[in-house]
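Read through the structure below, which is laid out as structure tokens, and then see the notes.
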Amino acid sequence: VITVYSAPDPITINTNSDDVVDSTSLTPALAGGILVDFKIRFNGGPIDNNDFLGLWFGYDTTPNSGDQNISAPHTSGPNIGLKGNCGDGTCPSGSTPAGADLFVRTTGTDGSFFGPLSVGVDYHVFGYLYKVSGSSTYNRFDAWLDPALNEMTNLTNFDARYTGNSGLSAINKFGFRSANLDAGSPGDSITISDLRIQAIPEPGSLALFGVALLGLAGIRRRSAA
């Protein structure tokens, strides 16, 4: 596992924008499994239906004709974050708790929901975005709320799972989108802290890395001789 991004400071969002925090590039692009790890706190309340803050992923090309999930509103690719009360005050049938306030998805505007949250409390959110069933594109996103260490290590006992084709075979861009946060005094604000993104390289990448290490070892042996 390789850490590819670690936020230096907490981020507090209290306005609405499809790019509420400047998007960030990842170099090189990621094509293997991606781990997302952050803390979230809703500072103002109450948490209303469809209060929204999503961490989105996309692929940025030059020229931009090949962009994927870069243009607003960033709903065609993977997202994870806050979507208060399942978006409309009702939750899907099944195991989702009533009044769930967190979501995860690979595409579209719906999602798989988990939670709920309380105002003024820090929560730990952990996500795993990956490809299954031989897919060349990301098609599954698992999420955990306040996971145990062994759950993060073994990627077990997820709280929510969304399966669907994202259309993205690689990712080199991420950002935040917010919507429906109440303005005024007091208004809604959300703090994201300890944001970290990690990559699980594809087997081919690991093999190339191993070859590179062997090459370095050979150079050192020749130098020593």
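The values are calculated or read from the model by the stated rules, or taken from the named source; none is laboratory data. All of these numbers come straight from a predicted model, not from anything done at the bench. Note that each Cβ is placed from the backbone with ideal geometry, even for glycine, and that neighbours are counted across all protein chains shown. Just the protein is used for accessible areas: all its heavy atoms, side chains included, with ligands, DNA and RNA removed. Shrake-Rupley method; radii C 1.70, N 1.55, O 1.52, S 1.80 Å.
Summary table
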| item | result |
| --- | --- |
| Close pairs from the stretch 187-205: first under 18 Å from VAL36 (Cα atoms) and at pLDDT below 90, partner open to solvent by less than 20 Å² (accessible area, probe 1.4 Å) and in a loop (DSSP other than H, G, I, E, B), Cβ under 7 Å, at least 6 apart | PRO201/GLY32; GLU202/GLY32 |
| Pair list, Cβ under 7 Å, 6 or more apart: the stretch 171-183 residue closer than 10 Å to PHE52 by Cβ, other residue among the polar types (S, T, N, Q) and open to solvent by less than 10 Å² (accessible area, probe 1.4 Å) | none |
| VAL132 vs. criteria out of contact with any Pro (no Cβ under 7 Å at 6 or more places or on another chain), over 30 Å from PRO46 (Cβ atoms) and of a type in the set (A, V, I, L, M, F, W, C) | yes |
| Filter result for THR61 (modelled with pLDDT of 85 or more, over 22 Å from ILE13 (Cβ atoms) and either in a loop (DSSP other than H, G, I, E, B) or of a type in the set (Val, Ile, Thr) (or both)) | yes |
| Cβ-Cβ under 8 Å pairs, at least 6 apart or on other chains, the stretch 156-170 side on the phi > 0 side of the Ramachandran plot, far side open to solvent by 50 Å² or more (accessible area, probe 1.4 Å) | GLY167/GLN68; GLY167/SER76 |
| Verdict on CYS91 being surrounded by 14 or more Cβ atoms within 10 Å (Cβ to Cβ) and either of a type in the set (Phe, Trp, Tyr) or touching a residue at least 24 places away in the same chain (Cβ under 8 Å) (or both) | no |
| Residues that are among the aromatic types (Phe, Trp, Tyr) and not in a loop (DSSP other than H, G, I, E, B), drawn from the stretch 97-152 | PHE103, PHE113, PHE114, TYR123, PHE126, TYR128, TYR130, PHE141, TRP144 |
| Those residues of the stretch 21-57 which are closer than 20 Å to ASP110 by Cα and open to solvent by 20 Å² or more (accessible area, probe 1.4 Å), in sequence order | ILE47, ASP48, ASN49, ASN50 |
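To keep it simple, each residue is scored yes or no on (1) more than 25 Å from GLY58 (Cβ to Cβ); (2) of a type in the set (Val, Ile, Thr); (3) open to solvent by 60 Å² or more (accessible area, probe 1.4 Å).
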| position | (1), (2), (3) |
| --- | --- |
| PRO116 | yes, no, yes |
| VAL119 | yes, yes, yes |
| LEU129 | no, no, no |
| SER133 | no, no, yes |
| ASN139 | no, no, no |
| LEU155 | no, no, no |
| LEU168 | no, no, no |
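Okay, residues lined up against (1) under 19 Å from ASN79 (Cβ atoms); (2) of a type in the set (S, T, N, Q); (3) modelled with pLDDT of 95 or more; (4) in a loop (DSSP other than H, G, I, E, B):
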position	(1), (2), (3), (4)
ASP18	yes, no, no, no
THR27	no, yes, no, no
GLY44	no, no, no, yes
ASN50	yes, yes, no, yes
